[in-house]
1. Yes or no: segment 273-291 includes at least one residue that is open to solvent by 30 Å² or more (accessible area, probe 1.4 Å) and at pLDDT below 95.
2. Counting only residues that are open to solvent by less than 50 Å² (accessible area, probe 1.4 Å) and either of a type in the set (A, V, I, L, M, F, W, C) or at positive phi (or both), how many does segment 46-81 have?
3. Looking only at residues in segment 132-154 that are closer than 17 Å to Gly87 by Cα and open to solvent by less than 10 Å² (accessible area, probe 1.4 Å), which one is farthest from the ligand (Cβ to nearest atom)?
4. Go through segment 31-103 and tell me which helices (runs of 4 or more DSSP H), entirely inside it, have 1 or more residues that are of a type in the set (Phe, Trp, Tyr) and in contact (Cβ under 8 Å) with a residue 12 or more places away in the chain.
5. Are there any pairs with C-beta distances below 9 angstrom linking a residue in segment 184-200 that is open to solvent by 30 Å² or more (accessible area, probe 1.4 Å) to a residue that is part of a loop (DSSP other than H, G, I, E, B) and hydroxyl-bearing (Ser, Thr, Tyr), with the two at least 6 apart or on different chains, and if so which?
6. Tell me the residue from Arg258, Arg231 that is within 15 Å of the ligand (Cβ to nearest atom) and touching a residue at least 40 places away in the same chain (Cβ under 8 Å), please.
7. List the number of the failed condition for Val244; all other conditions in (1) more than 25 Å from Gly150 (Cβ to Cβ); (2) within 15 Å of the ligand (Cβ to nearest atom) hold.
8. Scan segment 240-272 residue by residue and report those that are hydroxyl-bearing (Ser, Thr, Tyr) and open to solvent by less than 10 Å² (accessible area, probe 1.4 Å).
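The values are calculated or read from the model by the stated rules, or taken from the named source; none is laboratory data. In this text, all values refer to a predicted model and were calculated from it rather than measured experimentally. No Cβ is skipped: glycine too gets one built from the backbone with ideal geometry, and neighbour counts run over all protein chains shown. Accessible surface is based on the protein model in full, side chains and every heavy atom, while ligands, DNA and RNA are left aside. Shrake-Rupley method; radii C 1.70, N 1.55, O 1.52, S 1.80 Å.
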Amino acid sequence: MRVLVSGGAGYIGSHTVLALLEHGHDVVIVDDFANSKPTVLGRLETLSGKTIPLHAFDLTDADKTEHLFASEKFDAVIHFAGFKAVGESVEKPLDYYRNNLDSTFSLLRAMTRHGVDKLVFSSSATVYGDTAPVPYHEDYEPLSASSPYGRTKVMIERVLTDVATITDGFRVALLRYFNPVGAHPSGMIGEDPQGIPNNLMPFIAQVAVGRRDKLRVFGDDYPTKDGTGERDYIHVMDLAAGHVAALEHLPTMDEPVRAFNLGTGEGTSVLELLHAFERAVGHELPYEVVERRAGDLPAYWADPTRAQQELGWQATHTIDDMCADTWRWQSENPNGFPEG
Ligand code: UD1
């Protein structure tokens, strides 16, 4: 298929671009580099041995989006582009609602106008809110989220469902990611957060490479195996493969919309992840236990059965793989991607 990948220069997008090319798909990227660097492109071209067309603009610009669809033909869209920092979304809710929703509206209008009827959407386990039983199952309702960022994911899932339901032949896969970590095994691409990382794995990686003094563990008095928070970490290479599986499944779908959890089905605690990273690095890493972080849940993980049965997809990478690959990327690129 010829696939437009929005946000294809970002962390999950870039790994998915490589997986699509490896599976024989043609890829066109649209990305405004709001949270990524243009130098990722050269690395993707080196790794794939292919030239990857790129359109550098902001999808909230409906005219530019319309022009792109008028001048090129696509079979499908994978929509990653969006703001994703939970804390920032609380500070700037309007920016988040405007950016994440408007970009989706532009895409949907252009898609329906030009007969592009297959879409894979980058959603999140955050849509299960704080009341869903663990493990999380796709049929759980009502969806909710505790941050404006998370609410944009819930809203976009609803918008896509409404549009697909009344548009003949439209097919949408909603991919609900758990906690994506890891990097391409080459060490050439990986997660490159701007500023102080909010998430656990990039923070540990920056402690290991000497950019941060120590990890702060947010609470060790949760009702979990060792008192620290448990999450379902998933290797970004598995996640990328999940997007290819979902894309190829779309034409066979009976229903217009289907949600899929992309997770391993297993919980790993903060201290377990830290110790796995220590094994990858070969020495201990400094940490201290501090107060719980507001809004954090004790423990959750995916029920990944539906993706196994319907997409034929399953995560295969271990926690040690995730740490080894993150460490290769971080140690070979201590400051992330170079400026252009
Ligand atoms: C967070 C978001 C989620 C988003 C996801 C993106 C919240 C409440 N949830 O998930 O909506 O989709 O990021 O990847 O913000 N931790 C530490 N020290 C740190 C950082 C994290 O102890 O410096 C702990 C947390 O308390 C948690 C675990 O590590 O138990 C994972 O945290 P994090 O990587 O931020 O992801 P989530 O909170 O699960």
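1. No, segment 273-291 contains no residue that is open to solvent by 30 Å² or more (accessible area, probe 1.4 Å) and at pLDDT below 95.
2. Total meeting the criteria: 12.
3. The extreme case among them is Thr152.
4. Values: elements: 40-48, 62-71, 86-91.
Ranges flagged: 62-71.
5. none
6. Working: Arg258 fails: within 15 Å of the ligand (Cβ to nearest atom).
When all the criteria are applied, what remains is Arg231.
7. (2) is the only condition that Val244 fails.
8. Start the filter on segment 240-272 by keeping residues that are hydroxyl-bearing (Ser, Thr, Tyr), which leaves 252, 264, 268-269.
Listed by number, the list holds a single entry, Ser269.
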